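Colleague: Could you have a look at this structure, given as structure tokens, before my questions?
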Amino acid sequence: MNILLVEDNQTIVKGLEYAFESNGYTFYGVGTIREALHCLEQQNVDLMILDIALPDGNGLSFYQEKIAPKKIPTIFLTAEDEEEVVVKGLESGADDYVTKPFSTKELLARVNRIILRNRKSSVVRVGEIAFDMDKMTVFRNGQPVPLTSLELKLLHLLFLNLNKVVSRNTILDKIWEWTGNDVDDHTVTVYLRRIREKIGNDVVVTVKGIGYRIDEDEK
């Protein structure tokens, strides 16, 4: 999955380069519209993150003239006082916007949601498992899987990050966020064991010392 960031602040570029590459994306960071056009000629870009104020032009105009016709999913980066401008971008077909300063985790989550939303089907299939990401239902060989609310959220987290490792620390943080309960590393092991018992042991891969991963079936 190829991500193109058009942003002239090199601190932001370097930070997002590390974050996206750590999450399994191929990342291209450029600082001008001219460089973005060159990258688009050379690479297949799956999603663009586009600053509005760029050294050689306006990101909104660039999107409307060059990106919208290509139907590349796009997230605008903007300052708070540019929201009216961004509304025009969204009305032109852009998918989302984030304001500076922003949370890298939130941006990654928004990218994941857009990628999933742009799939032809909301149902993701891995082996015997079919996960309907819109309805939040899971089936194994056509039969519903009786997951608890927390188990479903954990499995959803793994499916949101197909082909990428979700660290144990991330899972711990999410359990705390969802339940408000402090949990330890052993709790993660217990929950993942329960999920595997219900969906099959071959779906969730353990990456020793790091976390867990679900690999998408090859087409």
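The values are calculated or read from the model by the stated rules, or taken from the named source; none is laboratory data. Given the structure is predicted, the values throughout are model-derived calculations rather than measurements. So basically every Cβ, Gly included, is an ideal-geometry build from the backbone, and we count neighbours across all protein chains shown. When the accessible area is computed, the model is the full protein with side chains, heavy atoms only, and any ligands, DNA or RNA have been set aside. Shrake-Rupley method; radii C 1.70, N 1.55, O 1.52, S 1.80 Å.
Colleague: Quick one: pull the percent of accessible area on the chain belonging to carbon and sulfur, 1.4 Å probe, ligands and nucleic acids left out.
Modeller: 47
Colleague: How about Lys164: which lysines have a C-alpha closer than 22 Å to its C-alpha, ignoring those fewer than 8 places off in the same chain?
Modeller: Lys14, Lys105, Lys120, Lys153, Lys174, Lys198, Lys208, Lys219
Colleague: Moving to a separate point now. Looking at region 18-115 only, what percent of DSSP beta bridges run antiparallel? Nearest 5 please.
Modeller: Just about 20 percent of them are antiparallel.
Colleague: Can you tell me how region 97-187 classifies by the Cα gyration tensor, rounded, prolate or oblate, using a/c under 1.5 as the rounded cut?
Modeller: Oblate, because a/c is 1.5 or more while a/b does not exceed b/c.
Colleague: Got a sec to turn the phi values of region 126-136 into Karplus ³J(HN,Hα) couplings, 6.51 cos²θ - 1.76 cosθ + 1.60 with θ = phi - 60°, whole Hz, x for Gly and Pro?
Modeller: 9, x, 7, 9, 10, 10, 7, 6, 7, 8, 6
Colleague: Ok, one more. Sticking with the crude label model, points 7 Å out along Cα→Cβ, report the distance from Thr179 to Gln10 in nm, one decimal please.
Modeller: Modelled inter-label distance: 4.6 nm.
Colleague: Same structure again: Suppose we keep just the DSSP beta bridges with both residues in the chain; what percent of those would be antiparallel, to 5?
Modeller: Percentage antiparallel, nearest 5: 50.
Colleague: Tell me, what is the per residue accessible area of the chain in Å², probe radius 1.4 Å?
Modeller: Averaged over the residues of the chain, the accessible area is 55 Å².
Colleague: Could you tell me whether region 139-179 comes out rounded, prolate or oblate from its Cα gyration tensor? Rule is a ≥ b ≥ c as square roots of the eigenvalues, rounded for a/c under 1.5, then prolate if a/b exceeds b/c, otherwise oblate.
Modeller: In terms of gyration-tensor shape, oblate.
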